[in-house]
Every structure is written in C-alpha cells, then in structure tokens.
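This report refers to the structure that appears directly beneath it.
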Amino acid sequence: MRSAPLDRIAAAVLHLVYNPVAGRGRAAPALAHACAYLDAHGAGYQVLRTEAPGHATALTQALPVDATVVAVGGDGTAHEVAKACLGSKRTLGLLPVGSGDDFAFAMGLRRDDLDGALSRLLAGRAHLVDTGVVNGEPFVNAAGVGFDADVAARVARAPRLLKGVAAYLWGVLDALRALDPVPVEVWVDDALVYRGRSLLVSTQLGPRTGGSFLFVPGAANDDGLLDVVVAGELGRAGTLALLPKVMRGRHLGHPAVHLARGRRVRLAWERLQPGHVEGEALPSAAAFTLEVRPASLRVIA
C-alpha cells in the first residue's frame, strides 16, 4: 500500500458478514476463532450469516452508512460487501478465509494469519483504494474474460476435497480440454494495444488472481490505473508450460504475453466469451468495457 492511511476508524461495533460455505470448510472454525479473539479483546461485534449469493450485499446495505463491515469469507464475499460500501461512508474489513483471498493479498493480509487480520481490524486504520467496473459490475481486485473465467466456473464445480491451488489446477486441467483461443481487439485509453487470437484478457487492480497466480506482480490498487494482461494464442502445451511462471510472476517477458496500463479498457471479441469478477461469473458477452474508479473504497488494511 502506497497511500497514506485515513484517520483511525473508531468502530463501536464490527459487523461480521460471514459466508459459511467459504473456503470449502475453512470458514466455520475461522469464525469461532475470530469471535473468541474479539471477546478476549473486549471488542463489540455482531455476526450476520449469508444464506445465498448476493445476500452479503443486502445485509451490508441494511447497516448504517458509516458502519465497519467485515467480510468473513473469500473474494466473492469481499466483492459483495464492497458493492454496498461503494458510494457510502461504510468501511470494508477483511478476514480472509476463502479459497483464493486475492484481494486480501493485495491489501497485505495473509490467508494463514487470521490473528494478524484481526489485530488490524482492531487498530482500525483505513485506506482509500481503487475499484473498477466492468459492464456495470463493480470489482475490487480483478476482472477476466476468456480462459480464466472458464477456469473459475470449473473451480466452483471442483470436488470438495480439493482446496486452494489444488482446486484451481483441477479447473485449469478441465478447461484445457475445451481450449480455443478467440480473436479479440484490446483497446486501452482509446489506443489499440492488441489484435489477434487470445487465450484470455485479465484486468487487474491487485497483483494476484486464482489464489496463487501473480498476473501482475507490480500492480497496486491505489495508483488510479488498471493493469491489462493479454495472453495470446497459446495451445495446451504452451499454457501448461507458462503456468509455473505465472505462479512466480515471471511470465511477463514471454512473447505471447502482453501488458498495458490505463484508465479505460474495451474488449471486442469475435464471439461470446465468459467473464468473471473475483472468480464470480459475469454474463457472457462479445464486448466488455472496463473503467477504474480511483480512491473509491475505504478498506482497513
């Protein structure tokens, strides 16, 4: 984080929006640990349990406009809570217990350090970070079109015994069977930066997506810019060979990988393509428009 912190948030009550299905079994013990920690530190809180997709947004919208709302879940939960924080004085907090936790990673939180996240919540230091919007849908970390969106959809259907990177790799291998790069034009700030067949186009605010894949190692979500990664025409073997490099953030020198930065992005695909925000599916489309909204979300980090 490069931005200076805002004033300390003195929250009388932390509103914990808890997704019981997050993390394929990680969420319930994490919530119990969090409640014990907050009790031990004399912190006021309430737990709001989500019951269906979109419920976290509705729960957050019903809270006071200056509430501190803690997403207890993964990137999907953070996405839903953030939607209801935008345009208000609500502040987003994070307890990362999902399968990917890429937004938490961008905010300097580790998925294996719940006490660290809790201590930051109680410290109450908030920062303003950028968000984006794709075809009208907000996002806080990443929006992707093409192969990564297909993988995200397959990860959601992965066997429940698979967690984290294992579930994502299962989705990758499953998606490779249907691999078919599609022609696309990529425009960034009205300049054509790519034309040709493409495996995927990922627009990043943060550095990581898919739980372990450093699409843009140097991305910062407080610089007012979108980082656009285009993977060109890669076959099955080429895609598999590139994945280990992406996990280490060493793929940007590959001749089939292109990086551009800007405030506005337009994608024109030859046919309908799947999309996602934070791993959650978007309606398939041939045209996607993305814009950055600088300093639009208050996050405890």
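Rule-based calculations on the coordinates, nothing more; no lab input. Worth saying up front: this structure is predicted, and the values here are computed from it rather than measured. Note that we place each Cβ from the backbone using ideal geometry, even for glycine, and neighbour counts take in every protein chain shown.
The figures follow:
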item: Leading residue at positive end of dipole, segment 163-301 (Cβ point charges), from 193, 238, 225; result: 238
item: Exposed-loop-free span, longest in the chain, where GluC sites (Glu not before Pro) count as exposed if DSSP calls them loop and at most 16 other C-beta atoms lie within 10 Å; result: 52-232
item: Taking only Cα atoms of the chain, radius of gyration then Dmax in Å; result: 18.6, 58
item: The chain: calculated mean residue ellipticity at 222 nm from DSSP helix runs of at least 4, using -39500 (n - 2.57); result: -8000 deg cm²/dmol
item: Theoretical gain in end-to-end length, residue 271 to residue 191 [0.36 nm per residue, Cα-Cα removed]; result: 26.7 nm
item: Computed lengthening from residue 161 to residue 245, 0.36 nm per intervening residue step minus Cα-Cα distance; result: 27.6 nm
item: Equivalent ellipsoid semi-axes, segment 1-139, via Cα gyration tensor eigenvalues times 5, rooted, Å; result: 20, 18, 15
item: Rounded if a/c under 1.5, otherwise prolate or oblate - segment 25-103, Cα gyration tensor axes; result: oblate
item: Size of electric dipole in the chain: Cβ of Lys, Arg +1 and of Asp, Glu -1, about Cα centre, debye, nearest 20; result: 400
item: Two-site FRET efficiency, residue 110 against residue 49, from Cβ-Cβ distance with R₀ of 35 Å, rounded to 0.05; result: 0.90
item: Segment residue 286-residue 263, extension gain: residue separation times 0.36 nm, minus the distance between their alpha carbons; result: 6.2 nm
item: Candidates per trypsin sites (Lys or Arg not before Pro) in segment 188-256, loop by DSSP, up to 14 other Cβ within 10 Å; result: 250
item: Segment 165-214 - percent relative contact order, Cα under 8 Å, separation 6 or more; result: 33
item: Orientation-averaged projected area, Cα convex hull of segment 137-295 (nm²); result: 8.5
item: Inter-label distance, nm, simple model (7 Å from Cα along the C-beta direction), residue 36/residue 135; result: 4.5
item: Rh (Kirkwood; distinct C-alpha pairs) - segment 62-177, Å; result: 15.4
